[in-house]
Amino acid sequence: MPGNEQHTSKQFDAELEDIRSRVLQMGGLVEQQTLAALDALDDGNVQLARRVIEDDHRVNGLEVQIDEDCNTVIARRQPAAGDLRMLMTVVKTITDLERIGDEATKIARMTQLIYESDRPVRPRGIDVRHMADAALTMLRTALDAFARLDANAAGGVLRQDEAVDDEFRSIIRQLITYVMEDPRLISHALEMVFIAKAIERIGDHSKNIAEYVIYMVKGKDVRHTKVEDIEREVLSQH
């Protein structure tokens with residue numbers, strides 16, 4: 001490879017690596033936002049909830065910057081095959097990360113409603129933290145799979161999503177029972193439904209990111225495909 005082309009190739013690789021590292025930076029920020037929102041809910045910390053809402057612009061700003069950089073690289077470098085797949089994966093991933101940030105903000109807003117009202121505090125016995133921890137594990141695993149280009153780890157996230165969905169349905173059943181026993185608590189129950197739904201959506205967006213990783217590594221779009229088929233037809237290939 002002539003010297004100038006080699007230099008251009010190294011420069012391109014550096015640009016791609018910079019974009020990848022900023023996706024992981026954005027993922028870390030989104031994870032922090034989600035954890036802070038959940039801590040605010042657990043502790044009744046309205047100030048922390050307010051901070052989560054105020055900091056959402058940082059996540060949005062990273063999405064815009066990374067998206068612009070991807071478009072610039074595609075226009076200038078005209079990447080092919082694997083590099084183009086990687087950039088397409090980044091553009092989709094940052095959209096889902098931004099939406100996870102939005103879900104964290106929703107949890108923070110519901111926390112404000114719950115603790116700033118003069119009604120009795122949260123329905124007892126309704127614990128969303130276990131479900132939230134499972135959804136956060138999905139997010140961490142998906143981001144780690146993105147960092148290491150690990151399709152098999154990404155496949156594990158798809159399995160975890162089923163468990164989060166099961167927990168969501170269980171919480172909804174508990175809340176229905178709760179309201180039937182004491183209709184005065186319907187407002188709080190609805191707020192808890194919104195929180196549980198936000199957590200379930202965090203799991204969904206994490207699953208999306210894992211699917212993009214599989215596409216990036218294997219070159220196969222596995223959206224709307226059963227987990228069993230993905231494991232058999234895509235992840236078993238070497």
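Any read-out appearing in this document is the output of simple, stated calculations on the displayed coordinates, not a laboratory observation. Everything quoted here is computed from the prediction, not taken from an experiment. Quick reminder, even Gly has a Cβ in these numbers, built from the backbone with ideal geometry, and neighbours come from all protein chains shown.
Miscellaneous remarks
- Only DSSP H runs of four or more residues enter the estimate; each adds -39500 (n - 2.57), and after division by the residues of the chain the mean residue ellipticity at 222 nm equals -29500 deg cm²/dmol.
- Entry for semi-axes √(5λ) of the Cα gyration tensor in Å (calculated from the structure that is shown) out of [x] 27, 19, 19; [y] 27, 22, 17; [z] 39, 21, 11: [z]
- Magnitude of the charge dipole for the stretch 15-70, about its Cα centre and with charges confined to Cβ atoms of Lys, Arg (+1) and Asp, Glu (-1), is about 200 debye.
- Its Cα centre serving as origin, the chain has a Cβ charge dipole (Lys and Arg +1, Asp and Glu -1) of approximately 180 debye.
- Between Val227 and Asp127, the contour length at 0.36 nm per residue exceeds the Cα-Cα span by 33.2 nm.
- With Cα atoms, 0 to 90° folded angle of helix 3-43 axis to the chain main axis: 0
- Zone of Arg148's modelled label, taken as backbone nitrogen in the stretch 64-87 under 18 Å from a point 7 Å along Cα→Cβ: none
- When only alpha carbons are used to place a centre, the stretch 77-92 and the stretch 29-62 end up 31 Å from one another.
- Here the Debye sum runs over all C-alpha atoms of the stretch 1-113 as equal scatterers in vacuum, and log10 of I(q)/I(0) at q = 0.10, 0.20 Å⁻¹ comes out as -0.39, -0.94.
- Taking a straight Cα-Cα cut-off under 24 Å and skipping sequence neighbours fewer than 8 places away in the same chain, the lysines within cross-link reach of Lys220 are Lys92, Lys207.
- Phi-based couplings in Hz for the stretch 71-85 (Karplus 6.51, -1.76, 1.60; Gly and Pro marked x): 4, 5, 5, 4, 5, 7, 9, 6, x, 10, 6, x, 5, 5, 4
- Selected from Pro183, Val213, Thr111, residue furthest toward positive end of dipole (the chain; charges at beta carbon): Pro183
- Relative contact order of the chain: 24 percent, from C-alpha pairs under 8 Å at least 6 residues apart in sequence.
- Magnitude of the charge dipole for the stretch 158-209, about its Cα centre and with charges confined to Cβ atoms of Lys, Arg (+1) and Asp, Glu (-1), is about 80 debye.
- Mean Cβ count within 10 Å, highest first, over the residues of peptides 210-223, 59-72, 90-103, 171-184: 90-103, 210-223, 59-72, 171-184
- Hits among lysines - C-alpha to C-alpha of Lys106 under 16 Å, sequence gap 8 or more where chains match: Lys197
- The length gained on full extension between Ala75 and Val46, counted as 0.36 nm times the residue separation minus their Cα-Cα distance, comes to 5.9 nm.
- With a Förster radius of 22 Å applied to the C-beta separation of Ala14 and Leu35, the computed FRET efficiency comes to 0.10.
- Counting only alpha carbon atoms, the long axis of helix 151-181 and the longest principal axis of the chain meet at about 20°.
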